[in-house]
Each structure stands twice: as structure tokens, then as C-alpha cells.
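Peer 1: Mind looking over this structure? Questions follow.
The values are calculated or read from the model by the stated rules, or taken from the named source; none is laboratory data. Worth saying up front: this structure is predicted, and the values here are computed from it rather than measured. Note that each Cβ is placed from the backbone with ideal geometry, even for glycine, and that neighbours are counted across all protein chains shown.
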Amino acid sequence: LNSPAAGLRSAEAFRHEAFFYAGEDEFLDGSTAFIRGAVEAGEPIFVVVSARRIDLLRDRLASDVGAVRFADMGEVGTNPARIIPAWAEFVHECGGQNARGIGEPIWSERSVAELAECQRHESLLNVAFAESPGFTLMCPYDSDSLGRDVVDEAFRSHPFIRRGDALSASPEFLGCEELGRPFATPLPAPPGTTTDLVFQARSLRDLRSLVLREARRARLSGTRADDVVTAVHEVASNSLRHAGGLGVLRMWHTEDSLICEVSDDGHIQDPLVGRRRPAVGDRGGRGLWMVNQLCDLVQVRSMSEGTTVRMHFRCGQGG
Amino acid sequence: MTNDALFDVTESGHSKVPIVNARGEIDVSTSPELHDVLAGVISRRPELVIVNLSEVTFIDSTGLGVLVGTARDLRAKGGELRLVATQPHIIKLLELTGLDEMFDVLPDTKAAVTR
């Protein structure tokens, strides 16, 4: 098990910090100090927060702003499964030199489903960068607007806690082994009315037709409907390849989204599946990567009974 | 209905620059057929192979894997594979997977031959 105390001593390990602040001024004070620290040390710094906060930080940083790379978390992290690849690319570009980041994936307007996936993402960061010494990532949490349960979970998913200038080890940190286990927390039950299909290898084409019809019923644009068909097909193909050659598709509509869920009796062992950009020359390994790029949110749950992948597609947006 | 109605692949062009024209849906069940045709073409060691996807309506990760594998095998023999793609969705998938860096993607076969 990973010991936070051991981590504190080792400046070489990945340092994943939760930074608790109350209100925007504290956010700006803490983030500006963190960024200036990186700039003074000559270390690359990448800041992924909301567009509004990027603007505020730019104003604060004045002449230091040139050394900072920014990205809008609202774009990078709509689907939180796309955030780890963005950090991985940054760390890779830094080529082994020390590097720092600020990433704020969680804010109070996140839906329940998004919050669950953001928390999963925070856990998986520890696994993804366990072998990335010299990378420090600070994750701001607004204790004013976020619930107590969200703060508690941050203590479990971060080995370090920052309040003001003080950095300490989190006594609640669960460690990489625990955090990398399959995500088994059950998803909320679907509503009473769903469109269902039991599929096998020969019925993938029927599955695609059914998904296209459902996407059109949800009034998704032509190109967005193509995305839905591709994503559901990829997950269903995975069921056929890795599970017992049989799967179940269920689809339903919520107020703002089309939900497509594929279940099978297989197990997903790799916690980072779909979160590593496939190398250009690789023959395989693209399926779940594509799914994460095409969906607004993907929820993967793997337990003893089997695996469920729930894909969310927001309606009423262009594509 | 057999797969033949959903997918077919033919060869045109000439021996130096063979063009493989795929039509319909390339998925888990039809990509082996595409693979076999491409394997036959590259066994003749052409310098350039063009895979025309302009009449492909669907391609999945298995189909993309066949294109990657073929390009690698061809490259090992000193040849090059170029793609013709016009469907926005297929172009988007090539971009999402970074394969637009591996292949030249062109709007028609003429451009692919003469580029």
C-alpha cells in the first residue's frame, strides 16, 4: 500500500494534492502562489480550470502569464475520462523534467453522474501517474460550494492536502491499489421505459440501426447520431469479444440526454482502459478510447455479476 | 442477407499504384475481407497503395486496425498507403485516433495518386 508519509519524504514521486479554498479570492491566492512557484523554479506549468478562472488568473499573473499554459476544463473535462490523456500529453512533452499542474474538474454545477465520474477520475490520477516522478498536480476544491461528502472523498483520493500554505499528508488516502480496483458502485436504475436489445455477433448491424433510430428520435444532428452509433457499436463489439458473446443494450431518454447502456457478464481489469491515447502504429486498443472521445459522459462499472457501460449524449447541441 | 450486400471491396488502378475500393460497412464481421484483399495487394510489393473509403458508410476500430496493420506491413517493404475519405464522420474518427498523422488522407483518388 502507498504510504502518504513515505510520499512526503520522496520528492521524486507523483504529488497529487487537494487544495481546499473558500471562495474565489482564496482560489486565486493559492493558485497564483502555486503558479509563481513553478515559474520561479523554471518548471513547466499547465492550468486546466474554467474559462472564467483562466481570465482571472491571467489578470493576476501579469508578466508571469507567458510561462503558463492554460486549457478550459469545460472543454477538456466535459467527459472527465478525457482529462488524464491531457495530463499525460503534458507530462510526456516535459520529457522527464519536473512539471506542475492545476486541475479543477469538480464544481458545484456538475450533475450527480458527472460528479461520480470526476471522483473516479481523481482516484485514477494516482494510478495513471504512479510512475511519473517529478509531476505535481494540485486539484482545487471550493469548500464553500461543494458538499461535505465531496470534500471527504477528496481526502480519500489525494495523498496530500493543501490549506493556505500548509501541505500535509491525508490520513484518509486509500492508496493506489485500492483506488485502482474496478469501479463497482452500482449505477442508478434506468427508468421504467427503455428500448432494449439482446445482441450477439450477428446482430451488430441491427443494433446499429436501432441506435440510429433512437438517436434520431432524440433529435440529435446527423453527425452526432453517427457518433452515438459508433460509440455503442464499439462497446457492444467489446462485449462480444471479451464477454460471453452476448450482451444487452438498453436505451432511454432523460430531460437533456440520450442514454445508451451496454451490459455483459465480462470483467474489465484495466482501470485506465480508454484513458490512454493509442500509439499511432498500434493495431488495436482504439475502441474505448474512441468511445470516450465521442460521448459526453461514460460510466463504466465492473462487478462480479458483469460489466455495464453507460454512455450519455447530450441533446440539443451541435455536432 | 449476406455480408456481400453490406460490404464489398474491389481493386482498380494499375500494378504500380493499386487502388482498393471499399464500399459499405467495415466492422468486426467484414474487416477480415478487407484485410485479405489488402494482404494480397501488398504481397506484390507496390510502392503506393490507395484505399478508397469514399463509399464507406461505417468503419469501426477493427477496420481502422486493419488499415494500420496494412500500412505498417507495406512500410516495412518500403511502400506507402494513402487514404481517400470524404465522409465527415470517417475523417473525424481518423482525427480522434490520431491516424490522420499516419496516413495522408485525400479527397479523391486522383489527388491521392498525384500528391
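Peer 1: Can you confirm whether A:Leu220 is away from chain B (no Cβ under 11 Å) and either over 24 Å from A:Pro191 (Cα atoms) or not in a strand (DSSP E or B) (or both)? Spell out how you get there, then give the answer.
Peer 2: On the way: away from chain B (no Cβ under 11 Å): yes; either over 24 Å from A:Pro191 (Cα atoms) or not in a strand (DSSP E or B) (or both): yes.
Here the answer is yes, as A:Leu220 does meet what is asked.
Peer 1: While we're here: Filter region B:71-88 for residues that are at the interface with another protein chain (Cβ under 10 Å from one of its Cβ atoms), in a helix (DSSP H, G or I) and in contact (Cβ under 8 Å) with a residue 12 or more places away in the chain and give the result. Write out each step before concluding.
Peer 2: Pass one, region B:71-88, residues at the interface with another protein chain (Cβ under 10 Å from one of its Cβ atoms): B:71-72, B:75, B:87-88.
Among the residues that remain, those that are also in a helix (DSSP H, G or I) are: B:71-72, B:75, B:88.
Within region B:71-88, just B:Ala71 meets the criteria.
Peer 1: Can you tell which of B:Val17, B:Val28 is farther than 22 Å from A:Gly284 by Cα and at pLDDT below 95?
Peer 2: Exactly one of B:Val17, B:Val28 is farther than 22 Å from A:Gly284 by Cα and at pLDDT below 95, namely B:Val17.
Peer 1: Of these, A:Leu187, A:Leu197, which one is over 22 Å from the mean Cα position of the chain (by Cα), at pLDDT 95 or above and not in a helix (DSSP H, G or I)?
Peer 2: On the way: A:Leu187 fails: over 22 Å from the mean Cα position of the chain (by Cα).
Exactly one of A:Leu187, A:Leu197 is over 22 Å from the mean Cα position of the chain (by Cα), at pLDDT 95 or above and not in a helix (DSSP H, G or I), namely A:Leu197.
Peer 1: Okay, next question. Of the residues that make up region A:260-273, is at least one among the hydrophobic types (A, V, I, L, M, F, W, C), more than 24 Å from A:Thr185 (Cβ to Cβ) and out of contact with any Ser or Thr (no Cβ under 9 Å at 6 or more places or on another chain)?
Peer 2: No: region A:260-273 contains no residue that is among the hydrophobic types (A, V, I, L, M, F, W, C), more than 24 Å from A:Thr185 (Cβ to Cβ) and out of contact with any Ser or Thr (no Cβ under 9 Å at 6 or more places or on another chain).
Peer 1: Considering each of A:Ser263, A:Ser302 in turn, give the residue that is assigned to a strand (DSSP E or B), modelled with pLDDT under 95 and crowded, with 17+ Cβ neighbours inside 10 Å.
Peer 2: The conditions single out A:Ser302.
Peer 1: Next question. Looking at region B:94-109, is at least one residue more than 26 Å from A:Arg205 (Cα to Cα), under 13 Å from the mean Cα position of the chain (by Cα), within 12 Å of another protein chain (Cβ to nearest Cβ) and in contact (Cβ under 8 Å) with a residue 24 or more places away in the chain?
Peer 2: yes
Peer 1: Ok, one more. If only one of A:Glu177, A:Glu122 is surrounded by fewer than 16 Cβ atoms within 10 Å (Cβ to Cβ) and not polar (S, T, N, Q), which one is it? Let's see the steps before the verdict.
Peer 2: Details: A:Glu122 fails: surrounded by fewer than 16 Cβ atoms within 10 Å (Cβ to Cβ).
After applying the criteria, what remains is A:Glu177.
Peer 1: What's the number of the only condition in (1) assigned to a loop (DSSP other than H, G, I, E, B); (2) under 23 Å from the mean Cα position of the chain (by Cα); (3) surrounded by 18 or more Cβ atoms within 10 Å (Cβ to Cβ) that A:Leu272 fails to meet?
Peer 2: Tallying (1) assigned to a loop (DSSP other than H, G, I, E, B); (2) under 23 Å from the mean Cα position of the chain (by Cα); (3) surrounded by 18 or more Cβ atoms within 10 Å (Cβ to Cβ), A:Leu272 fails exactly one: (3).
Peer 1: Across region B:55-70, which residue is surrounded by the most Cβ atoms within 10 Å (Cβ to Cβ) among those that are facing chain A (nearest Cβ under 7 Å) and more than 15 Å from B:Glu25 (Cα to Cα)?
Peer 2: Among those that are facing chain A (nearest Cβ under 7 Å) and more than 15 Å from B:Glu25 (Cα to Cα), it is B:Val68.
Peer 1: So which of A:Leu246, A:Leu258, A:Leu240 is more than 17 Å from the chain's Cα centre (by Cα), more than 11 Å from every other protein chain (Cβ to nearest Cβ), modelled with pLDDT under 95 and more than 24 Å from A:Leu179 (Cα to Cα)? Even if it seems obvious, please write down each step before you answer.
Peer 2: Values: A:Leu258 fails: modelled with pLDDT under 95; A:Leu240 fails: more than 11 Å from every other protein chain (Cβ to nearest Cβ).
So the residue among A:Leu246, A:Leu258, A:Leu240 that is more than 17 Å from the chain's Cα centre (by Cα), more than 11 Å from every other protein chain (Cβ to nearest Cβ), modelled with pLDDT under 95 and more than 24 Å from A:Leu179 (Cα to Cα) is A:Leu246.
Peer 1: In region A:283-299, what count of residues is obtained for those that are part of a loop (DSSP other than H, G, I, E, B) and either more than 7 Å from chain B (Cβ to nearest Cβ) or in contact with a Pro (Cβ under 7 Å, 6 or more places away or on another chain) (or both)? Let's see the steps before the verdict.
Peer 2: Initially, region A:283-299 is screened for residues part of a loop (DSSP other than H, G, I, E, B), giving A:283-286, A:295-296.
Among the residues that remain, those that are also either more than 7 Å from chain B (Cβ to nearest Cβ) or in contact with a Pro (Cβ under 7 Å, 6 or more places away or on another chain) (or both) are: A:285-286, A:295-296.
Of the residues in region A:283-299, 4 are part of a loop (DSSP other than H, G, I, E, B) and either more than 7 Å from chain B (Cβ to nearest Cβ) or in contact with a Pro (Cβ under 7 Å, 6 or more places away or on another chain) (or both).
Peer 1: So which residues in region B:13-36 are under 19 Å from B:Leu64 (Cβ atoms), surrounded by fewer than 17 Cβ atoms within 10 Å (Cβ to Cβ) and away from chain A (no Cβ under 14 Å)?
Peer 2: Matches in region B:13-36: B:Arg23, B:Asp36.
Peer 1: Something else: Is there any pair linking a residue in region A:55-81 that is touching a residue at least 12 places away in the same chain (Cβ under 8 Å) to one that is aromatic (Phe, Trp, Tyr) and crowded, with 17+ Cβ neighbours inside 10 Å, with Cβ under 6 Å and at least six apart or on different chains, and which?
Peer 2: Listed pairs, sorted by first residue: A:Arg69/A:Phe46.
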